[in-house]
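So the structure is just underneath, and the comments pick up after that.
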Amino acid sequence: MNRNEQLFEQAKKVIPGGVNSPVRAFGSVGGIPRFIKKAQGAYVWDENNTQYIDYVGSWGPAIVGHAHPEVIEAVRTVALDGLSFGAPTEAEIRLAEEIIRIVPSVQQLRLVSSGTEATMSAIRLARGFTGRDNIIKFEGCYHGHSDSLLVKAGSGLLTFGNPSSAGVPADFTRHTLVLPYNDVEALQKTFTEIGSQIACVIIEPIAGNMNMVQPTPEFLQSLRSLTEQHGAVLIYDEVMTGFRVALGGAQSLHGITPDLTTMGKVIGGGMPLAAFGGRADIMACISPLGSVYQAGTLSGNPVAVAAGLKTLEIIQRKGFYESLSLHTQALCQGFDQAAKEVGVAFCSQNVGGMFGLYFAEQVPQSYTEMSRSNTEYFKQFFHGMLDRHIAFGPSAFEACFMSAAHTTENIADTVGAAAEVFTKMVRG
Ligand SMILES: *Cc1c(COP(=O)(O)O)cnc(C)c1O
């Protein structure tokens, strides 16, 4: 047994499934998860001392590259002055100011410790603000694991959802309606029938949890106009897309202004930090000003804030996103070309530093379409790449992430490996 195998056996004895978050267990691709002992720049090393080019990037946060020396230095410096105070700090004002400057739809915000907390709090706030209970989410979008968001679609268009996890009472999801992504008609129909009862619509404005799926302009426009017309709060869940697809997130690309935005991943620079914010009149409903309760012992944690501030500084340097986008695009084009040469049904797309790889003829527009992609091919691809020391997320339903530390040489190596893997997939 190698060390990854040994550790997985040990882990399974004390941690359910051996992991602290389910996707890490390699359930959908099979095989043994790599236990990571170190990461630097574009690379991670596992416990067998194997070095991988990493396109997981801790699922998004590592946009400046792992263990960036300036981020590490910022963390080291503030850590010496104490890890947590449970009291306000000056640095958290600076981080809030910085986010507000970068994302103009956010007039006020509150810091929390995870994306799950951010979306859960934003939904409670939307309900408190509107005095309504019902919420709309879209099939294939993930907004963390709070009860009312662990929902799968009901049997008909206007039937409310059923829990997608055991342990969630049906009563908790009774108020969550699940609609198909990019389906303008379903959205219109729903608002026509029950628009006045909808507290909010929450959406990933570029979905990244059913692989990567982009919204159509018509879909986003209807979403904005219908919510406005019916007094429902529009929540953009930019936990993944914020500071990733562009500095200002997806909302800066599509010209749509949401009422509330949730953020996470990149803003913590690898530390546990997330935020929700938006219109000042809505944010004023939060305790202690208003009657919507929300709190956190470690909220605005000084070490996490320092990592976040430094990361935001680095990503605003000249040419950061241009270079990140060009690299990501070059990688996608290399993949497309390699697949075409051997005749694998494959396509890809990127927005900024986020990209999707699909074993399908066309880029999917919804969860249903994504579900038709060839997951058997994905498994072969995933393991073929891992054998060649290149790491992607262990599921066909995950987006992939480029960092500023990835070089053109890394990209060429990745494309070269993909060409070998595609050839093997076709020729057997
Ligand atoms: C990752 C993610 C979350 C959950 O964030 P956690 O920090 O894992 O709780 C919520 N929404 C989206 C869009 C995400 O990608």
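When you go through (1) assigned to a strand (DSSP E or B); (2) at pLDDT below 95 one by one for THR262, which number turns out not to apply?
Condition (2) is where THR262 drops out.
Quick grid of which residues meet (1) in contact with an Asp or Glu (Cβ under 6 Å, 6 or more places away or on another chain); (2) surrounded by fewer than 23 Cβ atoms within 10 Å (Cβ to Cβ); (3) among the charged types (D, E, K, R):
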site: GLY353; (1), (2), (3): no, no, no
site: GLY356; (1), (2), (3): no, no, no
site: GLN365; (1), (2), (3): no, yes, no
site: ASN374; (1), (2), (3): no, yes, no
site: LEU386; (1), (2), (3): no, yes, no
site: GLY393; (1), (2), (3): no, yes, no
site: GLY416; (1), (2), (3): no, yes, no
site: LYS424; (1), (2), (3): no, yes, yes
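Looking only at region 231-254, filter to residues that are part of a loop (DSSP other than H, G, I, E, B) and more than 16 Å from the ligand (Cβ to nearest atom); which one of those is surrounded by the most Cβ atoms within 10 Å (Cβ to Cβ)? Lay out the reasoning, then the answer.
Within region 231-254, the first condition is being part of a loop (DSSP other than H, G, I, E, B), and the residues that meet it are 231-232, 239-241, 243-245, 247-250.
Retained after the next criterion (residues that are more than 16 Å from the ligand (Cβ to nearest atom)): 231-232, 247-248.
Details: GLY231: 14, ALA232: 25, LEU247: 16, GLY248: 16.
Here the answer is ALA232.
Can you tell me which residue in region 158-187 is surrounded by the fewest Cβ atoms within 10 Å (Cβ to Cβ), limited to those that are free of Cβ contacts under 8 Å to residues at least 12 places away in the same chain and farther than 22 Å from SER222 by Cα?
Among them, the one singled out is ALA166.
Would it be correct to say that LEU187 is modelled with pLDDT under 95 and either more than 27 Å from ILE286 (Cα to Cα) or assigned by TED's automatic domain parsing to the domain that holds PHE401 (or both)?
no
Is it the case that GLU204 is within 16 Å of the ligand (Cβ to nearest atom) and not small (Gly, Ala, Ser)?
yes
Could you list, in sequence order, the residues of region 66-103 that are in contact (Cβ under 8 Å) with a residue 12 or more places away in the chain and within 30 Å of LEU234 (Cα to Cα)?
PRO88, ALA91, GLU92, ARG94, LEU95, ALA96, GLU98, ILE99, ILE100, ILE102, VAL103
State whether one or more residues within region 86-104 are surrounded by fewer than 16 Cβ atoms within 10 Å (Cβ to Cβ), of a type in the set (Asp, Glu) and farther than 22 Å from MET212 by Cβ.
There is at least one residue in region 86-104 that is surrounded by fewer than 16 Cβ atoms within 10 Å (Cβ to Cβ), of a type in the set (Asp, Glu) and farther than 22 Å from MET212 by Cβ.
Please determine, by comparing only the residues of region 140-149 that are surrounded by fewer than 22 Cβ atoms within 10 Å (Cβ to Cβ) and not in a helix (DSSP H, G or I), which one is nearest to the ligand (Cβ to nearest atom).
Looking at the filtered set, the residue picked out is GLY144.
In this structure, does HIS66 turn out to be more than 13 Å from the ligand (Cβ to nearest atom) and buried (at least 19 other Cβ atoms within 10 Å of the Cβ)?
Considered against the rule, which asks whether it is more than 13 Å from the ligand (Cβ to nearest atom) and buried (at least 19 other Cβ atoms within 10 Å of the Cβ), HIS66 comes out as yes.
Among the residues that make up region 116-135, is at least one of them over 19 Å from ILE286 (Cβ atoms) and touching a Leu at 6+ places or on another chain (Cβ under 8 Å)?
yes
The values are calculated or read from the model by the stated rules, or taken from the named source; none is laboratory data. Keep in mind that what you see is a predicted model, and the values were worked out from it rather than measured. Reconstructed Cβ throughout: ideal geometry from the backbone, glycine too, with neighbour counts over all protein chains shown.
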